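Asks: Before I ask anything, let me first share the structure, which is written out below as structure tokens.
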Amino acid sequence: MLGFVRAHITDIFIVSKRLGLMMSFITGALKLVCMIVYHEDILELFKILDEHYNKMINNVKLAKIVLNGVTVFKRLSWAVSLLVFISGCVNIITPIVFIIFQHTHHIQPTQYILPYLSIYPWVITPNGFLYKIHYTFETLATFSLIAITSSVEPLFTLYVIQMIGCLRVLSYQMLHIDESNNSERVIRESVIQYEILLKCRNIVQKIFGPIILWMIITSAVILCLDFVTDVSNRNWSIPQLHEHVLEM
């Protein structure tokens with residue numbers, strides 16, 4: 001994809017679209033690296049939160065408090081995974097559909113495109129051995145990106161939900177402390193639980209912080225490129241651009 005961007009560097013519209021796709025793969029690689037590097041921290045976080053969360057949902061009184069609103073996050077996670085899967089499959093299937101279309105309409109010579117219209121430093125013979133290798137490579141890269149995205153983002157959501165559940169229980173216990181026979185024990189346990197949550201927060205920041213920072217920066221870059229593309233296509237003058245920005 002980098003070769004394609006370099007070949008069309010003068011076309012802002014094409015560059016912005018390809019650059020966004022390239023950033024998606026770099027983001028996927030960053031997620032994978034973070035998961036590998038902080039593997040032990042992930043296991044520690046899982047053990048801490050899973051143990052406390054299971055105790056809370058097994059308590060009839062606390063289960064409703066903890067699980068309130070979880071369905072929304074669950075649906076969002078499924079929606080993200082489904083959209084990523086569909087977009088990946090569309091990229092993979094597009095070259096096949098394009099080739100079938102050419103054969104059906106007897107278009108010669110037949111063009112064999114790759115899923116991401118990549119340009120490599122070497123010559124790829126249409127429908128040759130190298131083409132099949134590159135198509136397989138880009139297909140596997142797509143499924144890898146789907147798997148990483150569908151795993152890491154729901155994992156982050158899971159940890160956030162568990163921490164929110166713990167905070168809700170702490171809030172509930174402090175609000176109903178007068179109803180407890182042993183208020184000192186409740187306060188002591190709440191302080192301990194809060195310290196554990198602070199530790200979990202630090203681990204989450206350590207694992208997912210670089211990923212979130214990278215996604216914020218790349219999203220801002222892509223949005224700026226899209227804005228520049230829009231301005232170029234509309235041929236706005238400086239006063240028109242200033243007026244449009246004020247309206248936003």
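Rule-based calculations on the coordinates, nothing more; no lab input. Only a predicted model underlies this, so the values are computations on that prediction, with no experimental measurement involved. All Cβ positions, glycine included, derive from the backbone under ideal geometry; neighbour counts span all protein chains shown.
Asks: What nm value, rounded to one decimal, do you get for the distance between residue 21 and residue 221 when each label is placed 7 Å out toward the C-beta?
Replies: It works out to 1.7 nm between the two label points.
Asks: Extension gain residue 29-residue 68, at 0.36 nm per residue separation less the Cα-Cα distance, in nm?
Replies: On the way: separation 39, 0.36 × 39 = 14.04 nm, distance 3.39 nm.
Once the chain is fully extended between residue 29 and residue 68, it gains 10.6 nm.
Asks: Treat each spin label as a single point 7 Å out from the Cα along the C-beta direction, and report the residue 156 to residue 76 distance in nm.
Replies: That separation, rounded to one decimal, is 1.1 nm.
Asks: Quick one: what are the phi-derived ³J(HN,Hα) couplings along the range 212-219, Karplus 6.51/-1.76/1.60 with θ = phi - 60°, whole Hz, x for glycine and proline?
Replies: 5, 4, 4, 5, 5, 5, 5, 5
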